[in-house]
Each structure stands twice: as C-alpha cells, then as structure tokens.
Amino acid sequence: MNNVFDFKRFGKYYVADLRHTFDYSALSILLTSFTGVIAYLFFGVMKLIVSGEWMSYGSIGRSITFVIAFYIIVFTVPAKCYGFFTDKRSGSFFTLIPASSLEKTISMIINVCILAPLAYTVISLAADSLICFLDPMAGNSIIQTVTSASGELYDILSTVNNEANFKVLTTGELVSGYMLNIINWILIFLVGSLYFKKNKVGKTFLVVILVSMVIGSLSTWIFLPFPFTHTDVIELNNAENVRHAMDIFKGSTFTVSILEAAGLMIWTYIRVRTVKY
C-alpha cells in the first residue's frame with residue numbers, strides 16, 4: 001500500500017473526517033445560514049410593533065447580510081472543524097489515525113475550502129428564496145439580484161473593453177480572482193487554527209494585520225526611490241502600453257495569489273506531518 005496516498009484508504013478516512021466535520025460545524029453553519037432570515041424577521045417585527053405594518057429590508061440589505069455571514073463562515077469554520085488539532089489529547093489521537101499526512105491535509109482543504117462555504121451558500125440562498133416566495137414585499141431574491149447585477153457588470157466590462165480596444169478585465173477573471181481570494185483567506189485561518197491553542201480567530205487576525213503592515217512598509221521602502229514621473233504618464237497614454245501594463249498587473253496578481261494558496265497548502269501539510277505533542 002502507498003504510504004503517501006492511497007485512494008481506498010483516503011476514501012475511508014474522508015468519510016470519517018466528514019462525519020467529524022459535520023458534528024463540529026453543522027450547527028454553526030446552519031445558524032449562520034439563517035442569519036438573513038433571522039435579521040429579516042427581526043426588522044419586520046420591529047417595524048410591525050412601531051408602525052403597525054409589516055415591512056423589512058429588501059434585497060440589497062439581505063445581500064449585504066449574506067456577504068457578512070459568508071465571511072463569518074470563512075473566518076470561523078477552520079477553527080470549528082479542526083480546532084481540536086492543538087489539543088494534546090484529541091490531537092494525539094488524530095496523529096494515530098491510519099491515514100497519511102497528505103490524505104489528512106487534502107481532507108481538511110476539501111472540507112473547509114469547498115464543502116463548508118458551499119453548504120452555507122446553498123442553505124442561505126434557499127432560505128432567502130423561501131422568504132421571497134412567502135412574502136411578496138421582500139422583493140427580489142439574492143439569486144435574482146446577483147443575476148441582474150452580473151448582467152449589468154458584464155455590460156459595463158464589455159463597454160470598457162470596447163472603449164479600450166482590449167480586454168481590461170473579464171467577468172471570468174473577476175470571479176476567479178474573488179474565489180481565489182476566498183480560498184486564501186480560508187487557508188490562512190486553517191493554518192492559524194493548527195497553531196494557536198486559544199483565541200484562534202483573533203490571533204490569526206492579529207498576525208494578518210502585522211504581516212500586512214510589514215509587507216506594506218517593505219513595499220514603500222522598495223518602491224519609494226522609483227517615483228511615477230511625467231514620462232510614465234506619457235507612456236501610459238499609449239493604448240498598447242496600457243494593455244501591456246494591465247496584462248502584467250493581472251498576471252502578477254493571479255500568480256501571487258496562486259503561489260500564496262500553494263504555499264498555505266504546503267504549510268498545512270508540513271504542520272500536519274511534523275506536529276508533536
């Protein structure tokens with residue numbers, strides 16, 4: 001049997017890990033998914049008490065609530081699912097499970113980067129659609145709002161691209177960049193949950209802030225000697241130069257994001273493989 005990765009062994013382990021993840025995070029995900037419904041009912045009841053008529057916030061307010069709750073999932077689910085890792089008793093038991101470090105790492109990444117956000121999204125959008133079905137005054141559902149906004153965004157990007165005579169930004173690039181950003185945030189908090197014993201989310205936030213300050217300071221120190229001159233403005237007036245600059249910017253941004261995701265995954269694997277209690 002392959003000691004690094006075996007599909008049959010991974011399948012058995014993943015089913016067990018999925019059950020564990022469900023036990024630890026299902027209630028949290030479910031409650032967070034119904035944040036929009038709870039908020040909608042709360043404001044509706046408050047309006048009913050004050051004015052005697054039923055009215056709550058519309059699709060824009062519910063969409064904002066959806067995004068805020070989604071990021072709550074992003075920041076908290078890794079600690080909910082694998083916070084036990086730093087516990088001496090539970091963590092020691094985890095190391096004895098008959099599965100390789102790579103299999104355990106892949107299972108972690110699938111659960112927190114794919115299944116948890118997907119479960120929240122499906123439940124939350126279904127609940128919002130039910131609100132709109134039962135209450136005509138609720139307006140459009142989040143799905144309808146996003147679909148409409150996506151169409152408008154596509155039209156705007158098409159106009160910008162046509163005016164510039166090259167593809168400044170496409171909808172696919174925007175969506176893939178956003179999803180990659182979400183995955184990186186989840187992986188950051190997964191790594192944090194594997195290191196910090198207490199206050200995992202808060203300490204991870206603190207580390208992110210400190211690292212961002214250091215990177216910002218270094219970037220300023222590196223690029224300050226190279227000011228943006230009048231010659232640079234003249235060069236950017238040329239459409240071909242702008243297109244080339246945009247291609248470099250997009251390519252470098254995506255490359256850095258992909259490398260960040262890969263680095264965080266490798267870091268997770270190293271932590272799982274080398275942990276000692």
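The values are calculated or read from the model by the stated rules, or taken from the named source; none is laboratory data. Since the model is a prediction, treat every value here as computed from it, not as a measurement. Every residue, glycine as well, gets a Cβ built from its backbone with ideal geometry; the counts of neighbours run over all protein chains shown. The accessibility values were calculated without ligands, DNA or RNA, using every heavy atom of the protein model including side chains. Shrake-Rupley method; radii C 1.70, N 1.55, O 1.52, S 1.80 Å.
Brief remarks follow.
- Within the full protein context, the accessible area of M246 is estimated at about 50 Å² for a probe radius of 1.4 Å.
- Two-decimal log10 I(q)/I(0) for the chain, as the Debye equation yields it once each C-alpha is a single scatterer, q = 0.14 Å⁻¹: -1.14
- Helix-only [θ]222 nm of the chain, DSSP H runs n ≥ 4, -39500 (n - 2.57) each, per residue, nearest 500: -27500 deg cm²/dmol
- Fraction of the pair-distance distribution of segment 112-205 above 24 Å, Cα-Cα pairs, percent: 49
- Euclidean distance between Cα centres, segment 92-165 to segment 19-49, Å: 17
- Atom-type composition of the exposed protein surface of the chain places 72 percent of the accessible area on carbon and sulfur (1.4 angstrom probe).
- Ranked packing of 66-77, 34-45, most packed first, by mean Cβ within 10 Å: 66-77, 34-45
- Dipole magnitude of the chain about its Cα centre (Cβ charges: Lys, Arg +1; Asp, Glu -1), debye to nearest 20: 1660
- Relative contact order for segment 35-181, counting Cα pairs under 8 Å that sit 6 or more residues apart, in percent: 23
- Each residue was assigned an accessible area with a 1.4 Å probe, and for V256 the value is about 90 Å².
- Per residue value of the accessible surface for the chain (all protein chains in place, 1.4 Å probe), Å²: 62
- Exceeding the 22 Å Cα-Cα cut-off - candidates K8/K200; K200/K276; K104/K250; K8/K276; K12/K200; K12/K276: K8/K200; K104/K250; K8/K276; K12/K200; K12/K276
- Calculated FRET efficiency for the pair S219/L130, C-beta based, R₀ 45 Å, to 0.05: 0.45
- Across segment 184-196, rounded Karplus estimates of 3J(HN,Hα) from the backbone phi angles (6.51 cos²θ - 1.76 cosθ + 1.60, θ = phi - 60°) give 5, 4, 4, 5, 4, 6, 5, 4, x, 5, 8, 10, 7 Hz, Gly and Pro being marked x.
- For segment 67-207, the residue among L102, S90, N184 whose Cα projects farthest onto the positive side of the dipole built from Cβ charges is S90.
- Phi-based couplings in Hz for segment 107-112 (Karplus 6.51, -1.76, 1.60; Gly and Pro marked x): 4, 4, 5, 4, 5, 8
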